[in-house]
Amino acid sequence: MDEKGSTYPRRILKNKVFLYLTEFFAGMSVMAVELGASRLLAPYFSSSQIVWTIIIGTIMIAMALGNLYGGKKADRNPNPDKLYGRIIIAGIWIGLIPVVGKYIIIGISALLVFAVNSNFLVIAGFAACMVLFVFPLFLLGTVTPSLVKYTIDSLDDSASIVGKLNASNTIGSIIGTFVPTFISIPAVGTNITFLIFAGILLALCAVYFITSKISIKKIKKLPVSIVIFILCCAFGSNSSFAFWQSDLIYEDESVYNYLQVYEQGNKTILSTNVLFGVQSVYMKEKGITGLFYDYALPSCLMAGIKETDNFDILILGNGAGTFATQIQRYFTGTNIEGVEIDEKITNLARKYFDMSDDVKVTTYDGRAYLNSIDKKYDLIMVDAYQDITIPFHMSSVEFFTLVKNHLKEDGVMLVNMNMKASGENNINDYLADTIAAVFPTVYMIDVQNTTNREVFASCNPDIKERMILNAMTEDGELLPFSGYVAERLITYVPGDRIMTDDKAPVELLGMKAIDDIISTEVKSFKEIYDKEGFKGLIKYL
């Protein structure tokens, strides 16, 4: 029996530095897993505040339960072998996430999409987090109370030692926050990031058991865990989020997004989400495609592109540059600037989407960019809404006022809304009301066979007539298409659903829109499921 009354003396525990290192690496791993969780879920559920709330909430639940369990176990059986055994299990579980995580997420989503009619994002995201992340973080939550038991020699220095343990955990958490975000995920991806931190935990346990000189027969977990970890590295390091797709020509991650590029016939497509559609579509051949950027082209005519030799365009959320490319195909003499927060997307635009070097793109947040310049433009396009991930600071009356202040006299703001929702009080109604609170003239049109809606706003009450007159000077297919758009433009009658920097519930509104889209897409499958159950559905598929 040692001086603390434990029947499990370990020489390494006499060196408190190792215990502080254990706390450090545990804290680091918790934060790394949390950030990795957000990136693992984002391609399927987006990276909205709702998803972050689910992740943080479930992790806090796991840590709280782990703290309670760890404290009781340490008091009843103060055996440090048990703690490091739990860390081994946590490390293996984290190492398995890159191998099986995507299949679990898709499986949960497939089951719930037929079982729930609303709040799919919340329920599916919560279920995925509970299955994938709660157990390993519960085990890591047992570290702190256990280490308190092993480090405190007397009450005289108990507060000081607990403070050092908490400081070690906090410093580890800080490093575990910055390293995945700025180093490992952009450099090697989410999957390898999980493997790196799983390996750190296993190495920590290996040092403990080896230096404690425990018989291999008594620590079977260690060699078994090493074998499992090697298998995880072999099968989990290069796995794809969209594992069912074989036609990807590019797949990677950036600081902000999961990215994939693929081709369908004469189209090149950029997607940052494998469940909720695409972000950019580029047609390799010139022509009217019927896609959102063609419906947006008449905005140039509304802003008087035929009336000046110096027409300035700013695109906030330039993405793959498809709108800029289409403008250059139909209009000459334009000065196009883009703002895109993700530099990797800009690089993809140049490599795969034929975006011209003449389009100057600044890597910056759209609103911050407007705050930093004084220049005014004839046309400003806002295309920063990405599925459910709608930045609230680019959805408020303050933001649209900022856009208005950067427009020339009679200039036009164009907004691409990509979640066409049904029913009253949907996300598009809120956005349109907010825009109408700033601009007296607002028109909109739905893009056929898509979920996109284009909104044209200006202080000039005659932008529709101006578009028609300018279109008359066009040759070829743009003239009839402009007439097609003009016939379908709807004058928006504003309401009082105005969003501000203080109150902009875009996440909840976006979630409702996603529910509508999912409901529409799976309606026929649900009917089969309701009549024949899973057997009928599998037979149909």
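The numbers here are math on the coordinates, done by the rules we state, and not lab data. Since the model is a prediction, treat every value here as computed from it, not as a measurement. Virtual Cβ from ideal backbone geometry, glycine too; neighbours counted across all protein chains shown.
General observations
- The alpha carbons of the range 95-192 stretch over 60, 33, 23 Å along the principal axes, in descending order.
- The chain - mean residue ellipticity at 222 nm from DSSP helices (-39,500 (n - 2.57) per run, n ≥ 4, rounded to 500): -17500 deg cm²/dmol
- Database remark: amide H of residue 315 closer than 5 angstrom to the amide H of 337, 338, 339, 381 (H placed geometrically; neighbours at sequence offset of 5 or more, or on other chains; Pro and chain starts carry no H).
- Projecting the Cα positions of 19, 129, 170 onto the charge dipole of the chain (unit charges on Cβ atoms of Lys, Arg, Asp and Glu, taken about the Cα centre) puts 19 furthest along the positive direction.
- Only one residue of 266, 245, 148 has its Cα farthest out toward the positive end of the dipole of the chain, where Lys and Arg carry +1 and Asp and Glu -1 on Cβ, and that residue is 148.
- Distance in nm between pseudo-label sites at residue 167 and residue 21 (7 Å out along the Cβ direction from Cα): 1.9
- P(r) of the range 11-236 over all Cα-Cα pairs, binned every 5 Å from zero, in whole percent: 1, 7, 14, 18, 19, 15, 11, 7, 4, 2, 1, 0
- Per-selection Kirkwood Rh - the chain (Cα, Å, 1 d.p.): 26.0
- Within-14-Å neighbourhood charge of residue 265 [Cβ basis; K, R +1; D, E -1]: -1
- Linear extension gain, residue 111 paired with residue 307, 0.36 nm per residue minus alpha-carbon span: 64.9 nm
- Taken over the C-alpha atoms, the range 27-160 has Rg and Dmax values of 17.2, 60 angstrom.
- Dipole magnitude for the chain: computed about the Cα centre from +1 point charges on Lys and Arg Cβ and -1 point charges on Asp and Glu Cβ, it is near 3460 debye.
- Farthest positive-ward along the range 287-510 dipole, Cα basis, beta-carbon charges - from 406, 364, 499: 364
- Environment charge of residue 410, counting only residues whose C-beta is closer than 15 Å and scoring Lys/Arg +1, Asp/Glu -1: 0
- Summed residue charge, Cβ within 14 Å of residue 252's Cβ, Lys/Arg positive, Asp/Glu negative: -1
- Taking 37 °C and 0.692 mPa s as conditions, the range 287-510 diffuses translationally at an estimated 188 µm²/s according to Stokes-Einstein applied to its Kirkwood radius (Cα pairs).
- Straightening the chain between residue 187 and residue 251 buys 21.7 nm, computed as 0.36 nm per residue apart minus the Cα-Cα spacing.
- The range 316-375: relative contact order in percent, alpha carbon pairs under 8 Å with at least 6 residues between: 41
- The mean sequence distance of close C-alpha pairs (under 8 Å, at least 6 residues apart), as a share of the length of the chain, puts its relative contact order at 14 percent.
- Shown is the FRET efficiency for residue 488 and residue 374, computed with R0 = 51 Å from the Cβ-Cβ distance and rounded to the nearest 0.05: 0.90.
- Spin-label pair residue 263/residue 347, simplified geometry with 7 Å Cα→Cβ offset, distance in nm: 2.1
- Modelled this way, with points 7 Å down the Cα-to-C-beta line, the labels at residue 393 and residue 230 are 4.9 nm from one another.
- Extension gain for the segment residue 159 to residue 459, taken as residue separation times 0.36 nm less the Cα-Cα distance, is 101.5 nm to one decimal.
- Ordering of 431-442, 300-311, 69-80 by packing [mean C-beta count within 10 Å, highest first]: 431-442, 300-311, 69-80
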